[in-house]
Amino acid sequence: MKRYLIFGAIVPLVGGFLMLFATTVASGYWTETNWSEIGKFLGAFVKTLQYSYLFGIVPALMVGAIDDILCHVKRISPVARMLIVGAIGFTASELLYGSRGPDTGAVQFLLYGIVGMAPAMLSSWLAHRYADTPRPVHST
């Protein structure tokens, strides 16, 4: 249960921030940056945070379920599990958001892929660190 709580709390927060960052980079917002522009960006993030949770909680719990399934496979190490969950998050967010806007290319591909990969890997690492029960060491 802790795993789903971690994924439900972290993924929409980090994913919403990265999504806002990716769309502002793709729109050319960061060409002339000063401190007031950064303040506007953070203000927009705070104002849209409720929508990040509204639309991001179900995909976050779906990725958490995949992480939970992989957690029960004993042959998969925690690092491999984080990489698998990150690859699934990258692929899913790239397929959902990658073809948005006028620009298409490698930068947009990476930006929208990182929107799903970074929070999925972070949540998987936190779940391994705080939600997994330590397994007893067996002698051979």
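See the values below:
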| quantity | calculated |
| --- | --- |
| Meets criteria (in a helix (DSSP H, G or I), modelled with pLDDT under 90 and among the β-branched types (Val, Ile, Thr)) for Val25 | yes |
| Yes/no for Val63 being over 16 Å from the mean Cα position of the chain (by Cα), on the phi < 0 side of the Ramachandran plot and not polar (S, T, N, Q) | no |
| Region 129-139 - residue that is open to solvent by 80 Å² or more (accessible area, probe 1.4 Å) and modelled with pLDDT under 80 and, of those, nearest to Gly8 (Cα to Cα) | Thr133 |
| Residue list for region 114-128, restricted to those being open to solvent by less than 30 Å² (accessible area, probe 1.4 Å) and more than 9 Å from the chain's Cα centre (by Cα) | Ser124, Ala127 |
| Answer residue from region 20-50, given it is small (Gly, Ala, Ser) and touching a residue at least 40 places away in the same chain (Cβ under 8 Å) and is least open to solvent (accessible area, probe 1.4 Å) among those | Ala22 |
| Unique residue being part of a helix (DSSP H, G or I), under 22 Å from Leu111 (Cβ atoms) and either acidic (Asp, Glu) or in contact with an Asp or Glu (Cβ under 8 Å, 6 or more places away or on another chain) (or both) when the list is Glu37, Glu32 | Glu37 |
| Test: residue in region 99-109 that is of a type in the set (Phe, Trp, Tyr), in contact (Cβ under 8 Å) with a residue 60 or more places away in the chain and touching a helix residue (DSSP H, G or I) at 6+ places or on another chain (Cβ under 8 Å) | no |
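The values are calculated or read from the model by the stated rules, or taken from the named source; none is laboratory data. On a predicted model such as this, the values are computed, not experimentally measured, just so you know. Please note: Cβ atoms are built from the backbone with ideal geometry, for glycine as well, and neighbour counts cover all protein chains shown. Calculation scope for accessible area: heavy atoms of the full protein, side chains included, ligands and nucleic acids excluded. Shrake-Rupley method; radii C 1.70, N 1.55, O 1.52, S 1.80 Å.
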